[in-house]
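Everything on this sheet refers to the single structure shown next.
The values are calculated or read from the model by the stated rules, or taken from the named source; none is laboratory data. Model, not experiment: these values are computed from the prediction. With ideal geometry, Cβ positions are generated from the backbone for all residues, glycine too; neighbour counts draw on all protein chains shown. Each accessible area value is taken on the protein alone, full model and side chains, heavy atoms only, with ligands, DNA and RNA left out. Shrake-Rupley method; radii C 1.70, N 1.55, O 1.52, S 1.80 Å.
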Protein chains: 2
Amino acid sequence: MPHTYKKSIFAAAYFPTISPIKGMHIFTANSGVKYKDRDDLLCVHFDDNAVTAGVFTQSSMPSAPVDWSRAAVNKAATTKFLIVNAGNANAFTGKAGLECCLDVGHIIADKMQIQPQQVFQASTGVIGEPLDGKKLAESALNATQPSSFEDAAKAIMTTDTFAKAATTSIEISGETIHISGIAKGSGMIAPNMGTMLAFIFTDARIDQPVLQKLVTEVTQESFNAITVDSDTSTSDTFGVFATAQTQTQIKTDSDITLFKQALMQISTDLALQIVKDGEGLSKFITIHVKEALDNQSARKIGLSIANSPLVKTAIAGEDPNWGRIIAAIGKSGEPADRDLTSVSIGDTIIAKNGAVIEHYNEAPVAAYMQSSEISITVSVGINQGQATVYTSDLTHDYIAINADYRS
Amino acid sequence: MPHTYKKSIFAAAYFPTISPIKGMHIFTANSGVKYKDRDDLLCVHFDDNAVTAGVFTQSSMPSAPVDWSRAAVNKAATTKFLIVNAGNANAFTGKAGLECCLDVGHIIADKMQIQPQQVFQASTGVIGEPLDGKKLAESALNATQPSSFEDAAKAIMTTDTFAKAATTSIEISGETIHISGIAKGSGMIAPNMGTMLAFIFTDARIDQPVLQKLVTEVTQESFNAITVDSDTSTSDTFGVFATAQTQTQIKTDSDITLFKQALMQISTDLALQIVKDGEGLSKFITIHVKEALDNQSARKIGLSIANSPLVKTAIAGEDPNWGRIIAAIGKSGEPADRDLTSVSIGDTIIAKNGAVIEHYNEAPVAAYMQSSEISITVSVGINQGQATVYTSDLTHDYIAINADYRS
């Protein structure tokens, strides 16, 4: 009997209205791999001239589709097909894993009269089980009924408790450029279903190297600034697909800045939705780090706090145990001046210059800890580096989801 | 109402019989700082010529006693006094924290007619609360009733559910050398009580620099090879005190090797007892890593597996979810060749050369997962590095201890 997951208290109230994006066509299908009663396969056909930028897991045990798509993004000038399946990650599957990707790529390429590297592949789900590429490719090619963004977001879900999407538009040279994305993920990894996947689509016309640079930069402050349980997936994939349907090419500094801001907005929105569906969460936590050596060091300190089981359990228990935050800064391995370090929870300064403030009154902080959204700010007295990191708390439900039910 | 902790199922059945060690005198006392109904203060007086080696937390937020004792070990030729209090860590206490250590050092030194740096100090307990050094020093000096190793081990306990000690002896040049130690710790940190402390005492005669080198080396494969919850304390302290009561000086290579082996035995024994008292544990887990770049890389891979919440919860749930082990290797940041990586649980090889073995039968592995001691072996196909790492699982009781009760 599979575990049914309680819907996150932070779930979006409704799925956003997303305008169609010219130059792309969404299809979903049921491949029958794991889920029998829902679509588990997302396919997107792109018209000519769509370019793709991708950022992939840093795991030394990447899944076969990660290997495939990392190479495809480098080799192919344009992308024609995106295929994503949920339920089997095709990770740690050896030669059979590669053969599955070859089958998917070649069968689709032959049928569509394109190059195999024009097929971008991603998979999420269980690790170590063989996946039938022929079956996937056939299901993908048989999907001919157009689907919506909402269908797409639902088809890639695994342990997710709500479908995740975000949309915006900008004006450049009098033209409207649409930027819309979907994502899935609820543990950074839960190999018996898990992984973070995010796909953003835009009708913008932009050179691939420029897009790749923007996507890499945007990832740092969005998807790389979130953590649920410190576990990085073998399959994390973030792809941005630009269909080149607008007249104007995004190439001036000011247009690039505008486009990057929109990309950042959608990426951050999707990243926060993933945290807000964190396995078993009861609190959404924002951690601001200031006065670090540089922004990267600040992010590492923030992640050290965010990943500390003792900080996460204290917040779950609504305990303003700020000593655990100090200990988590200390263990980060990043420069921090203890005697200049300060800590605030919510708007209350608790400790400053290496010690608790005089006449510290815990009562308002204890009351604040009962909120569903908790903000922590630390300053470490080294330099100007800063970062914001987002995470969830660690609860009995996390243990229940990950220990009490067999995969 | 304070939480009472269930005694660990791995608790030692009885406290070992430990012979007195010449040149040292144990006293315990109740300082009244936190615990009212038990001794919370350990004092050891050393005769002349005792030397000390120490290894301290790598936290950038070290407690005041860590600052003090790290300096004392460097400054003082010999140690005369060890004072350890449980219940208040004197960490993140600013100037007041330093003044507490100065008070303790100077009051004891004046009374005993020794140098302040001959007083080795350690504290464990809550972070951020002021500690009264005068009170500690007076309690310490008033303790005149000799105590046993068992009294000593009990006096330094916080959330520990059993007193931890180990003892051995070796023969060098016809003389018996005694080596006995005590330790406390049950989360790597639980700042509302916590921290790892270990003290080993020996009657050996050995130069301080030689002792320091041995202690540093031994720490790598004992205390640095264990983890409960990945959280490093502000106060971790490991001190080895040699009272120089034997005639023979340990200085030949063969004598040093023999002595180092005994130190390693006691350190590892104490380290494993700390894991076996890990907060809320239901399983004791040993992780062997082979074929890593070097031993340090192997240890990092082992700790990445040991600290993975998803591995720890899978083991708590008796789920042979080996995909989570693969993911934890992958996220370690250490070199690993996916296509040469293998994983065993217990004696069963599950995956080899980057994929599950043919005809893998999960049934015997699922049965093995019901054992209270679980062994995992991974080989990562890079080089000859190896390491063994020890940890506990992540259970509802861990959450209960750390989230359900206010500190």
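Does region B:102-128 hold any residues that are hydrophobic (A, V, I, L, M, F, W, C) and modelled with pLDDT under 95, and which are they? Walk me through how you get there before you give the answer.
Quick first cut of region B:102-128, residues hydrophobic (A, V, I, L, M, F, W, C) only: B:102, B:104, B:107-109, B:112, B:114, B:119-120, B:122, B:126-127.
If the condition is that a residue be hydrophobic (A, V, I, L, M, F, W, C) and modelled with pLDDT under 95, then B:VAL126, B:ILE127 are the ones that fit.
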Residues satisfying the stated conditions in region B:230-259, i.e. within 17 Å of the chain's Cα centre (by Cα) and not in a loop (DSSP other than H, G, I, E, B): B:THR237, B:PHE238, B:GLY239, B:VAL240, B:PHE241
Of all residues in region A:365-390 being more than 25 Å from A:LEU340 (Cβ to Cβ) and either outside any strand (DSSP E or B) or within 13 Å of chain B (Cβ to nearest Cβ) (or both), the one that is nearest to the chain's Cα centre (by Cα): A:SER372
Residue list for region B:256-266, restricted to those being among the β-branched types (Val, Ile, Thr) and surrounded by fewer than 21 Cβ atoms within 10 Å (Cβ to Cβ): B:ILE256, B:THR257
Subset of region A:206-223 [open to solvent by less than 70 Å² (accessible area, probe 1.4 Å) and of a type in the set (Asp, Glu)]: A:GLU217
Matching residues in region A:272-284 - criterion: being under 12 Å from the mean Cα position of the chain (by Cα) and crowded, with 24+ Cβ neighbours inside 10 Å: A:GLN273, A:ILE274, A:VAL275, A:ASP277, A:GLY278
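Condition check: among the polar types (S, T, N, Q), in contact with a Lys or Arg (Cβ under 8 Å, 6 or more places away or on another chain), outside any helix (DSSP H, G or I) and open to solvent by less than 30 Å² (accessible area, probe 1.4 Å). Does A:SER332 satisfy that?
yes
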Every residue from region A:52-93 that is touching a Leu at 6+ places or on another chain (Cβ under 6 Å) and aliphatic (A, V, I, L, M): A:ALA53, A:ALA64, A:VAL84
Region A:292-315, subset open to solvent by 10 Å² or more (accessible area, probe 1.4 Å) and over 23 Å from the mean Cα position of the chain (by Cα), residue nearest to the other protein chains (Cβ to nearest Cβ): A:LEU293
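On the basis of being charged (D, E, K, R) and in contact (Cβ under 8 Å) with a residue 24 or more places away in the chain, does B:LYS154 make the cut?
Considered against the rule, which asks whether it is charged (D, E, K, R) and in contact (Cβ under 8 Å) with a residue 24 or more places away in the chain, B:LYS154 comes out as yes.
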Residue that is nearest to the other protein chains (Cβ to nearest Cβ) [pool: residues in region A:316-325 that are in contact with a strand residue (DSSP E or B) (Cβ under 7 Å, 6 or more places away or on another chain) and in contact (Cβ under 8 Å) with a residue 12 or more places away in the chain]: A:TRP322
B:ILE226 vs. criteria closer than 25 Å to B:ASN85 by Cβ, more than 14 Å from chain A (Cβ to nearest Cβ), crowded, with 18+ Cβ neighbours inside 10 Å and aliphatic (A, V, I, L, M): yes
Hey, A:PHE10 touching a helix residue (DSSP H, G or I) at 6+ places or on another chain (Cβ under 6 Å), open to solvent by 10 Å² or more (accessible area, probe 1.4 Å) and in a loop (DSSP other than H, G, I, E, B) or not: no
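May I ask you to say which residue of B:ASP236, B:ASP253, B:ASP269 is open to solvent by less than 30 Å² (accessible area, probe 1.4 Å), on the phi < 0 side of the Ramachandran plot and not aliphatic (A, V, I, L, M)?
B:ASP236 is the lone residue from the list that is open to solvent by less than 30 Å² (accessible area, probe 1.4 Å), on the phi < 0 side of the Ramachandran plot and not aliphatic (A, V, I, L, M).
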Some residue of region A:343-356 being within 22 Å of A:ILE226 (Cβ to Cβ), open to solvent by 10 Å² or more (accessible area, probe 1.4 Å), touching a residue at least 60 places away in the same chain (Cβ under 8 Å) and away from chain B (no Cβ under 13 Å): no
Any hit, region A:139-146, residues being open to solvent by 30 Å² or more (accessible area, probe 1.4 Å), β-branched (Val, Ile, Thr), away from chain B (no Cβ under 14 Å) and within 28 Å of A:PRO16 (Cα to Cα): yes
Subset of region A:382-406 (residues that are surrounded by fewer than 18 Cβ atoms within 10 Å (Cβ to Cβ) and under 30 Å from B:LEU131 (Cα atoms)): none
Matching residues, region B:359-381, being at negative phi, touching a strand residue (DSSP E or B) at 6+ places or on another chain (Cβ under 7 Å) and surrounded by 14 or more Cβ atoms within 10 Å (Cβ to Cβ): B:TYR360, B:VAL365, B:TYR368, B:ILE374, B:SER375, B:ILE376, B:THR377, B:VAL378, B:SER379, B:VAL380
Given (1) part of a helix (DSSP H, G or I); (2) open to solvent by 10 Å² or more (accessible area, probe 1.4 Å), number of the condition B:VAL104 does not satisfy: (2)
Residue that is within 25 Å of B:GLN58 (Cβ to Cβ) and charged (D, E, K, R), where the choices are B:ASP203, B:ASP236: B:ASP236
In region A:51-85, residue farthest from the other protein chains (Cβ to nearest Cβ) [restricted to those that are in contact with a Gly (Cβ under 6 Å, 6 or more places away or on another chain) and hydrophobic (A, V, I, L, M, F, W, C)]: A:VAL73
Subset of region B:335-349 (residues that are in a loop (DSSP other than H, G, I, E, B) and closer than 16 Å to B:ILE285 by Cα): B:GLY346, B:ASP347
Only one of A:SER230, A:SER254 that is among the polar types (S, T, N, Q) and under 18 Å from A:PHE56 (Cα atoms): A:SER230
Some residue of region B:107-124 being over 22 Å from B:ARG205 (Cα atoms), surrounded by fewer than 21 Cβ atoms within 10 Å (Cβ to Cβ) and within 14 Å of chain A (Cβ to nearest Cβ): no
Selection count, region A:36-84, where residues are in a loop (DSSP other than H, G, I, E, B) and either within 30 Å of A:GLN245 (Cβ to Cβ) or open to solvent by less than 40 Å² (accessible area, probe 1.4 Å) (or both): 17
For A:ALA96: the one exception among (1) within 14 Å of chain B (Cβ to nearest Cβ); (2) part of a loop (DSSP other than H, G, I, E, B): (2)
